[in-house]
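See structure below.
The values are calculated or read from the model by the stated rules, or taken from the named source; none is laboratory data. Bear in mind the structure is a predicted one, so any value in this text is a computation, not a measurement. Neighbour counts run over all protein chains shown; Cβ positions are idealised from the backbone, glycine included. For the accessible areas, the whole protein counts, side chains as well, though only heavy atoms, and no ligand, DNA or RNA atoms are used. Shrake-Rupley method; radii C 1.70, N 1.55, O 1.52, S 1.80 Å.
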Amino acid sequence: MEEKVELLKCLEEKIDSGKATVDRLKLVGKIDGVEKLVRKIHQEIRFLEKVQSTGNVKKEHLQSTNLIHLNAIVARLFCANEPTNVLKPFKYQKSRLEVDIVCNGGASWVKVIARNARALTLISMGNGEYGQKSVLDQASSFLQCAKCYPYLYRPPEIVFHFAYGIEIPLAKNLELMGVAVEGDRIECEEEKSMDIHDIDEKFSTRMYTSEFNGEPLDESKRNTNSNLDTLNVSPLETEIKILNLDVSTLLAYVTNMTNGYDHFIYREPLLTQQAEMERKRPVKPILESIFKDKELIVCQTAYENFMNIIDVIGGPKETLRAKELLSRVRIVNDIPAGRIIEKLNLGGKIKDRSRLVFATGENTKSITVSANEGFVRAARMQGIECTVFLHEPRSLSEIKEGYATKISPS
């Protein structure tokens with residue numbers, strides 16, 4: 001009877017902790033996936049409340065609840081720098097891999113593990129149930145998947161956060177694979193009676209086989225992977241110095257609208273709307289700021305399209321600005337290769353010109369600067385993340401001023 005009372009008390013504590021976690025998440029800003037996380041927590045709470053209402057509580061109910069893991073994710077989320085996504089799925093092989101937290105603007109993937117440290121070690125040494133994936137198996141999957149979703153042309157850093165600690169040999173082996181390990185380091189029984197190399201040997205066959213093309217890593221590769229400073233370089237240290245300018249950016253830079261002529265009501269509603277946006281949020285200072293100390297490139301297709309637009313509807317001032325801007329850029333050949341060309345299907349917002357511009361940017365390892373938000377969103381829907389700086393669109397306006405109504409600056 002006493003045991004049942006104690007179990008019911010623990011159950012109530014679990015329910016209260018879940019509700020407190022939901023309340024805590026209300027303090028989080030707009031992060032993609034938080035609502036999904038809240039739904040999962042509510043689902044666990046409802047299950048536990050159902051058990052509570054029957055009064056037939058068992059120890060297994062407390063041990064198996066996913067609230068433990070979900071609470072750990074929330075705790076880590078509040079420590080994350082620039083979190084962008086929670087519980088984000090990525091296509092991997094024929095299934096998908098879910099990343100608990102994407103942070104550092106996209107440069108890091110965090111997996112949260114809320115399991116007993118001893119159990120994790122035993123499973124990784126081959127003592128788990130048949131077919132049970134170890135932390136080492138999961139690390140291999142994360143490392144391989146990350147290569148398919150580069151951030152600033154580098155695979156995201158993989159971080160495994162151990163909410164209840166990790167035994168030292170397992171932590172060291174994960175670091176050898178190239179995973180950053182967070183959590184308390186715990187000595188294990190084997191360390192007291194065995195040489196560390198003997199323990200490493202127990203891990204080795206699980207670490208260095210099938211996930212790495214079916215071949216063991218040689219010693220030189222192990223040494224390379226163990227150097228986390230070179231594997232996980234922060235984006236700030238590898239700042240990209242080349243900007244690939246889209247047609248929309250070239251137009252936004254040279255239009256009269258962004259060069260002091262934004263106080264008009266045009267016949268065209270779109271231009272009037274853009275002028276209102278320009279008065280609130282001028283685009284050219286933003287572009288000037290990101291252009292500073294960067295090499296500017298324009299692919300052949302973007303150059304030809306831009307010049308065609310200037311020749312047809314560009315005013316005298318806009319034509320002069322276009323000439324001045326193009327004197328600062330390097331025209332490069334289109335590079336119609338790589339995942340953007342091969343994997344993005346044409347249609348809707350995915351136009352051939354945009355594909356060529358973004359593919360050239362990717363192949364030159366540059367940041368594409370563009371106002372084409374539609375393309376970027378459509379590419380994301382097809383599983384392609386673009387390395388891009390997006391700004392608001394601005395169209396050529398000089399010729400249209402002759403038919404527009406001038407308004408006084410406010």
For the range 11-31, pairs from a residue that is of a type in the set (A, V, I, L, M) to a residue that is part of a loop (DSSP other than H, G, I, E, B), with Cβ under 8 Å and 6 or more apart or across chains, are 11/57; 28/78; 31/83; 31/84
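Yes/no matrix, rows are residues, columns are (1) more than 16 Å from residue 244 (Cα to Cα); (2) among the aliphatic types (A, V, I, L, M); (3) at pLDDT below 90; (4) over 22 Å from the mean Cα position of the chain (by Cα):
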{"residue": "310", "(1), (2), (3), (4)": "yes, yes, no, yes"}
{"residue": "313", "(1), (2), (3), (4)": "yes, yes, no, yes"}
{"residue": "329", "(1), (2), (3), (4)": "no, yes, no, yes"}
{"residue": "335", "(1), (2), (3), (4)": "no, yes, no, yes"}
{"residue": "341", "(1), (2), (3), (4)": "yes, yes, no, no"}
{"residue": "344", "(1), (2), (3), (4)": "yes, yes, yes, no"}
{"residue": "351", "(1), (2), (3), (4)": "yes, no, no, yes"}
{"residue": "359", "(1), (2), (3), (4)": "no, yes, no, no"}
{"residue": "373", "(1), (2), (3), (4)": "no, no, no, no"}
Complete set of residues in the range 311-361 that are assigned to a helix (DSSP H, G or I) and without any contact (Cβ under 8 Å) to a residue 24 or more places away in the chain | 311, 312, 319, 320, 323, 324, 341, 342, 352, 355
Name the pairs whose Cβ atoms lie under 6 Å apart, with the first residue in the range 131-145 and closer than 13 Å to residue 176 by Cβ, the second among the acidic types (Asp, Glu), and 6 or more positions between them or separate chains?
-> 140/211
Counting only residues that are in contact with a Gly (Cβ under 7 Å, 6 or more places away or on another chain) and open to solvent by 70 Å² or more (accessible area, probe 1.4 Å), how many does the range 364-410 have?
-> 1
Is one or more of the residues making up the range 149-160 of a type in the set (Asp, Glu), open to solvent by 30 Å² or more (accessible area, probe 1.4 Å) and at pLDDT below 90?
-> no
Residue 126 passes all but one of the listed conditions (1) surrounded by fewer than 22 Cβ atoms within 10 Å (Cβ to Cβ); (2) at negative phi; the exception is number (2)
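Determine, yes or no, whether residue 142 is in a helix (DSSP H, G or I) and either buried (at least 22 other Cβ atoms within 10 Å of the Cβ) or modelled with pLDDT of 90 or more (or both). Break it down stepwise before answering.
Values: in a helix (DSSP H, G or I): yes; either buried (at least 22 other Cβ atoms within 10 Å of the Cβ) or modelled with pLDDT of 90 or more (or both): yes.
Yes, satisfied.
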Regarding residue 322, is this residue of a type in the set (Gly, Ala, Ser) and over 30 Å from residue 85 (Cβ atoms)?
-> yes
Looking at this structure, is residue 335 more than 21 Å from residue 394 (Cα to Cα) and touching a Phe, Trp or Tyr at 6+ places or on another chain (Cβ under 9 Å)?
-> no
Taking only the range 1-30 into account, find how many residues are modelled with pLDDT of 80 or more and in a helix (DSSP H, G or I).
-> 11
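Consider the range 291-314. How many of its residues are within 18 Å of residue 255 (Cα to Cα) and not hydroxyl-bearing (Ser, Thr, Tyr)?
Keep residues of the range 291-314 that are within 18 Å of residue 255 (Cα to Cα), which gives 291, 298, 302-314.
If we keep only those that are not hydroxyl-bearing (Ser, Thr, Tyr) too, we end up with 291, 298, 302, 304-314.
So the count comes out to 14.
Hey, can you tell me all the residues within the range 154-170 that are over 13 Å from residue 120 (Cβ atoms) and touching an Asp or Glu at 6+ places or on another chain (Cβ under 8 Å)? If you could, list the steps in order and put the result at the bottom.
Taking the range 154-170 first, the residues over 13 Å from residue 120 (Cβ atoms) are 154-159.
The answer is 159, and nothing else.
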Residues of the range 31-53 satisfying the condition of being open to solvent by 70 Å² or more (accessible area, probe 1.4 Å), in a helix (DSSP H, G or I) and of a type in the set (Asp, Glu) | 35
